[in-house]
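The values are calculated or read from the model by the stated rules, or taken from the named source; none is laboratory data. Keep in mind it's a predicted model, so treat the numbers as computed, not measured. Quick reminder, even Gly has a Cβ in these numbers, built from the backbone with ideal geometry, and neighbours come from all protein chains shown.
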Amino acid sequence: MIETILLATDGSEAAGSAERFAVGLASRLRARLLGLTVIEDRILHGLRGGGHGVAPPPLEGIEGYLKSRADACCRRVAELARAQGLDCACEAVRGAPDDRIVERAQNADLLVLGRDGLGAGHRTALIGSTVEAVLRKTTKPALVVPQGAELKGPLLLAFDGSPGSRIAAKLAVELAGRLSEVVHVFVDSKDKGRAVARFDEARRLLGGLSVTVREASSTLGRPDVKIIDAAREAGASLIVMGAFGRSRITEYFLGSNSAAVVRTSPIAVLLAR
């Protein structure tokens, strides 16, 4: 059960969407909200080294700026939470952002972070380098929010019959019930018989829901594109899917449908673990 949500933010304008999404979700779920921003030590470490006979700049001003920026970020999150009637303990820590986020997420049931932040201009083949590293390392469900995404509308469950998608179905049941939102189930399979079997399994997993469940399937095209298209057609505000599909080893090294959906979706994506 989602009782504690950790919001990780870098304070950028793009990260504001994740902050609003996390605050809105915590309010509707009546969950405890924690905030976290990380002051990157590597920035200062790199400057201390100098090099090529060039003296490093005075670090006090840079260090003070980074601390002030982190404090301002925490104040913004606290103000957003207060406006929704929530208390939010926001913490500014030093270190490697991905390691600190993963560490603090151990005390939460759900991690929320923005896909597009200060490093949006330096993306890897997946997404921002910090976000990618966090998604690889964390063992917690992670909700990735693109800039402009809003929490209003139904959920879309992308179900492929894998262990990850079964966990996703359980999360969808919890969220849909507590948010009173419709669930759309999307199954992608080129085999009609397999698609029928997956819908049957999804129905069993979603059987306890008191909200409406709608179904959609497709056999042509790339799975990630079809998932996003189905979510758009449903007017969904959240895509729920397994962090890993039917071949976890292949996906870790070569990328996956979940990675592609996170990278390109204009809709928030919850990766279940």
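Just to be sure before I move on: is residue 134 outside the structural domain of residue 200 (by TED's automatic domain parsing) and either under 17 Å from residue 271 (Cβ atoms) or buried (at least 22 other Cβ atoms within 10 Å of the Cβ) (or both) in the structure I sent? Spelling it out, residue 134 is indeed outside the structural domain of residue 200 (by TED's automatic domain parsing) and either under 17 Å from residue 271 (Cβ atoms) or buried (at least 22 other Cβ atoms within 10 Å of the Cβ) (or both).
Let's see how each residue does on (1) assigned to a strand (DSSP E or B); (2) exposed (fewer than 13 other Cβ atoms within 10 Å of the Cβ):
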site	(1), (2)
156	yes, no
181	no, no
185	yes, no
200	no, yes
211	no, no
216	yes, no
224	no, no
227	no, no
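Does any residue of segment 254-270 turn out to be at pLDDT below 85, part of a helix (DSSP H, G or I) and over 24 Å from residue 21 (Cβ atoms)? The answer is yes; a qualifying residue exists. Scanning segment 62-85 finds no residues that are in contact with a helix residue (DSSP H, G or I) (Cβ under 6 Å, 6 or more places away or on another chain), over 15 Å from residue 137 (Cβ atoms), assigned to a strand (DSSP E or B) and in the same structural domain as residue 40 (by TED's automatic domain parsing). Taking the stated definitions as given, is residue 152 part of a loop (DSSP other than H, G, I, E, B) and touching a Ser or Thr at 6+ places or on another chain (Cβ under 9 Å)? The answer is yes for residue 152. When segment 18-45 is filtered for residues that are modelled with pLDDT of 95 or more and polar (S, T, N, Q), only 27 remains. The residue list 235, 177, 245 contains one member that is in contact with a Gly (Cβ under 7 Å, 6 or more places away or on another chain) and at pLDDT 90 or above, which is 235. Of all residues assigned to segment 52-74, at least one qualifies as being more than 22 Å from the chain's Cα centre (by Cα), at pLDDT below 65 and either surrounded by 12 or more Cβ atoms within 10 Å (Cβ to Cβ) or hydroxyl-bearing (Ser, Thr, Tyr) (or both).
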